[in-house]
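The values are calculated or read from the model by the stated rules, or taken from the named source; none is laboratory data. This structure is a prediction, so every number in the text was calculated from the model and none was measured. Cβ placement follows ideal geometry from the backbone for every residue including glycine, while neighbour counts extend to all protein chains displayed. Quick note on the areas: whole protein, heavy atoms, side chains included, nothing else; ligands and nucleic acids left out. Shrake-Rupley method; radii C 1.70, N 1.55, O 1.52, S 1.80 Å.
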Amino acid sequence: MFVLLSACSKNDKPIIAFYYWKTNLKFSETERITLKDNDVRRLYVRYFDIGLHPQTQKPFPISPVHFYENMQGFEIVPVVFIQNKVMLEKNPDIEDLAKKTIHLITEINKKNKINCTEIQIDCDWTLNSKDNYLKFIEQIKKLSQKKLSATIRLHQVKYFKKTKIPNVDNGVLMFYNMGSIAPDSLNSIYSRKISEKYLKSLKKYPLHLDYALPVYSWAIHIRNQKVLGLRSKLNVSELKKDKNFEQITPIFFRVKQSNYKNGVYYQENDLLKTETISPEDLKEMAEDLSDNKAQSPKEIIFYDLDEFNLNNYEKNIFKQVVSWF
């Protein structure tokens, strides 16, 4: 009996999946190896964003994905990211928006011979946008006739009686972007201190949750204590070698002399605050989520599949993280 039980529990480990968030879907050799080594069969691919057109202020699709790979070996879950301002519109035509969303997903699938069984909607809805958002979810569910999932933020878990729960088959808890992007010394991607305020609520959340964990990094560009923007794909070890920058703390670099780097102008005395996620952070997240979960997740989705991100970790990190559940 014991042998049987341990065999079952071993197979119940969540699967490893990835988000793919670039406009052109083409795998590098590193990305291909990572997918193979981790036996990845499911990819959550950002199909397009929905924003408001600058001229008409009507919802429109932004940067639809282009596939340069044959996706036959993968189960593809189209992800549509909807800017919250779309859902904040007064009296939007929700039915029309849902129809157009499904139509574009179907077009992309047809063109690339993809047969999907699930769609995911990604939106950081608020109390003011929740009614429109919940109606939109209902329409998508009705029109698509597919399994539907939605991204869920920590505050939406803790205050679900106010923010409500979308009518989806399951949620994906985005366990990142926890703090504000600021010139202070806190990490906006992940903070155990912040996450602890929400973790206890997981057991009471009525919807099944899988977890999305971060494997990305960025730098916050600061001038005179003001945030100028996020600089993605800035390698810390590269910054250390660059004579135009000096490391003044473990996370802060100062611009020694004005220069251009990756097309961005850095003025003398500007600061770069680097925010990264270490392997220890990932294991800590997995441990905390595992200790507080209501049910075991079916999958852990890492954000996001990109050679730049993957090069920051040893290749068995994803299996190590999943082993905590």
**Fill in**
Checking region 180-280 for GluC sites (Glu not before Pro) in a loop per DSSP with at most 14 other beta-carbon atoms within 10 Å yields Glu268
**Complete:** One point scatterer per Cα, no solvent, Debye formula: log10 I(q)/I(0) for the chain at q = 0.07, 0.09 Å⁻¹ comes out as -0.31, -0.52
**Request:** Over the chain, with every protein chain in place, what whole percent of the accessible area is carbon and sulfur at 1.4 Å, could you tell me?
**Result:** 51
**Message:** Among the listed pairs Lys13/Lys135; Lys99/Lys319; Lys58/Lys130; Lys161/Lys293; Lys85/Lys164, which have their C-alpha atoms separated by more than 27 angstrom in this model?
**Reply:** Lys13/Lys135; Lys99/Lys319
**Fill in**
Expressed to one decimal in nm², the mean projection of the alpha carbon convex hull of region 1-154 is 12.1
**Request:** Would you list which aspartates and glutamates come within 12 Å of Lys26, measuring only between C-alpha atoms, while excluding same-chain residues fewer than 8 positions from it?
**Result:** Glu69, Asp306, Glu307
**Message:** Can you tell me which of Asp184, Asp270, Asp288 moves the most in a GNM of the chain? Springs connect C-alpha atoms under 10 Å apart.
**Reply:** Asp184
**Fill in**
Residue-normalised 222 nm signal for the chain, counting each DSSP H run of n ≥ 4 as -39,500 (n - 2.57), nearest 500 deg cm²/dmol, is -9000 deg cm²/dmol
**Message:** Sort 14-21, 206-213 by packing, meaning the average of other beta carbons within 10 Å per residue, with the highest value first.
**Reply:** 14-21, 206-213
